[in-house]
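The values are calculated or read from the model by the stated rules, or taken from the named source; none is laboratory data. Quantities reported herein were computed from a predicted structural model and do not represent experimental measurements. Ideal geometry is used to build each Cβ from the backbone, glycine not excepted, and the neighbour counts take in all protein chains shown.
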Amino acid sequence: MITRPSVPQYLFAALLAAALVLTATARPAAGGYREGMALYARCQFTAAAVEFQPAAEKGSARAQYMLGRLYVDGKGVARDPAVGTDWFRRSAEQGFVRAQYALGALLYERRDHAGAQTWWLRAARAGSAEAMTSLGFLYADASTGQRDYVQARMWYELASRHGAPDSFRLRAALDRSLSTAQVSKALQLAQRWQPAAPTY
């Protein structure tokens, strides 16, 4: 004779089944990012994009940045710089420093020098040596309309203090065009500069 489970047993079984389904189908943003990074490291870019997408949509700044990279580079997805820029921006607005630097670089390539400056400044304040070097280059570049050799020298100085390898060469080259007074002013500005605590 077959005995039927009691009502509480039915409920327990139903709840257990529901929990198993949710565990199998619902993946937290951090989990999708970690799995995406593991796939990215193995050059499985299409699968990585599948993992990054839901995590990015749920607000993971790191996943947004990585998804942006895939779209900008055309790896695993159809190359779409506009979509990539949008993901970089969403990540950068959350304070993710690597996205702030990358967004600045894209804008600089498009000759949006003011936009590049804005995002590189935010990244530099969070301690990005790459952004500091890029700001130095921006201020030394005549085509930007913002040429300021003292500012350029200040940013190269800060970048070198943060260990950016290119900054040493760029600083030395610029010094050949500057007066002692200009170098002194740049060093004073660098000494007074204070970084902000990074969000990520």
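Within region 74-120, track down each residue that is farther than 18 Å from Gly36 by Cβ, β-branched (Val, Ile, Thr) and touching a Leu at 6+ places or on another chain (Cβ under 9 Å).
Thr85, Thr118
Being of a type outside the set (Asp, Glu), touching a residue at least 24 places away in the same chain (Cβ under 8 Å), touching a helix residue (DSSP H, G or I) at 6+ places or on another chain (Cβ under 6 Å) and surrounded by fewer than 20 Cβ atoms within 10 Å (Cβ to Cβ): is that true of Gln64 here?
On the way: of a type outside the set (Asp, Glu): yes; touching a residue at least 24 places away in the same chain (Cβ under 8 Å): yes; touching a helix residue (DSSP H, G or I) at 6+ places or on another chain (Cβ under 6 Å): yes; surrounded by fewer than 20 Cβ atoms within 10 Å (Cβ to Cβ): no.
When the stated conditions are applied, Gln64 does not pass them.
If you go through region 100-107 one residue at a time, do you hit one that is modelled with pLDDT of 95 or more, surrounded by fewer than 16 Cβ atoms within 10 Å (Cβ to Cβ) and closer than 22 Å to Arg69 by Cα? If you could, list the steps in order and put the result at the bottom.
Within region 100-107, the first condition is being modelled with pLDDT of 95 or more, and the residues that meet it are 100-107.
From the residues that got through so far, the ones that are surrounded by fewer than 16 Cβ atoms within 10 Å (Cβ to Cβ) too are none.
The answer is no, given that none of the residues of region 100-107 is modelled with pLDDT of 95 or more, surrounded by fewer than 16 Cβ atoms within 10 Å (Cβ to Cβ) and closer than 22 Å to Arg69 by Cα.
Return the pairs, sorted by first residue and then second, in which the second residue is β-branched (Val, Ile, Thr) and surrounded by 15 or more Cβ atoms within 10 Å (Cβ to Cβ), the first residue lies in region 30-56 and is touching a residue at least 12 places away in the same chain (Cβ under 8 Å), the beta carbons are less than 6 Å apart, and the residues are 6+ apart or on different chains.
Ala49/Val77
Gln100 is checked against (1) under 11 Å from the mean Cα position of the chain (by Cα); (2) over 15 Å from Ala196 (Cα atoms); (3) not aromatic (Phe, Trp, Tyr); (4) not assigned by TED's automatic domain parsing to the domain that holds Phe52 and fails just one. What number does that condition carry?
(2)
Have a look at Gly136, Gly68, Gly84 and point out the one that is touching a Phe, Trp or Tyr at 6+ places or on another chain (Cβ under 7 Å) and assigned by TED's automatic domain parsing to the domain that holds Ala186. Before the answer, list the steps.
Values: Gly68 fails: assigned by TED's automatic domain parsing to the domain that holds Ala186; Gly84 fails: assigned by TED's automatic domain parsing to the domain that holds Ala186.
The conditions single out Gly136.
Would you point out the residue of region 125-143, among those that are under 12 Å from the mean Cα position of the chain (by Cα) and not acidic (Asp, Glu), that is surrounded by the fewest Cβ atoms within 10 Å (Cβ to Cβ)? Working first, answer last.
Residues of region 125-143 under 12 Å from the mean Cα position of the chain (by Cα): 126, 128, 130-131.
Cutting the leftovers down to not acidic (Asp, Glu) gives us 126, 128, 131.
Numbers: Ala126: 20, Ser128: 24, Ala131: 29.
Per the criteria, the residue is Ala126.
So in region 160-195, with the set limited to residues that are among the small types (Gly, Ala, Ser) and touching a Lys or Arg at 6+ places or on another chain (Cβ under 8 Å), which one is nearest to Arg125 (Cα to Cα)? Write out each step before concluding.
So the first thing to find is which residues in region 160-195 are among the small types (Gly, Ala, Ser), and the list is 160, 163-164, 167, 172-173, 177, 179, 181, 184, 186, 190.
Next, only the ones that are touching a Lys or Arg at 6+ places or on another chain (Cβ under 8 Å) stay: 160, 186, 190.
Values: Ser160: 15, Ala186: 17, Ala190: 12 Å.
Among those residues, the one meeting the criterion is Ala190.
Which of the numbered conditions does Arg110 fail, given that it passes all the others? Conditions: (1) of a type outside the set (A, V, I, L, M); (2) outside the structural domain of Gln188 (by TED's automatic domain parsing); (3) under 25 Å from Gln188 (Cα atoms).
(3)
Out of all the residues in region 140-173, which are aromatic (Phe, Trp, Tyr) and within 20 Å of Ala102 (Cβ to Cβ)? Full working, then the answer.
First, the residues of region 140-173 that are aromatic (Phe, Trp, Tyr): 149, 155-156, 168.
Matches in region 140-173: Trp155 only.
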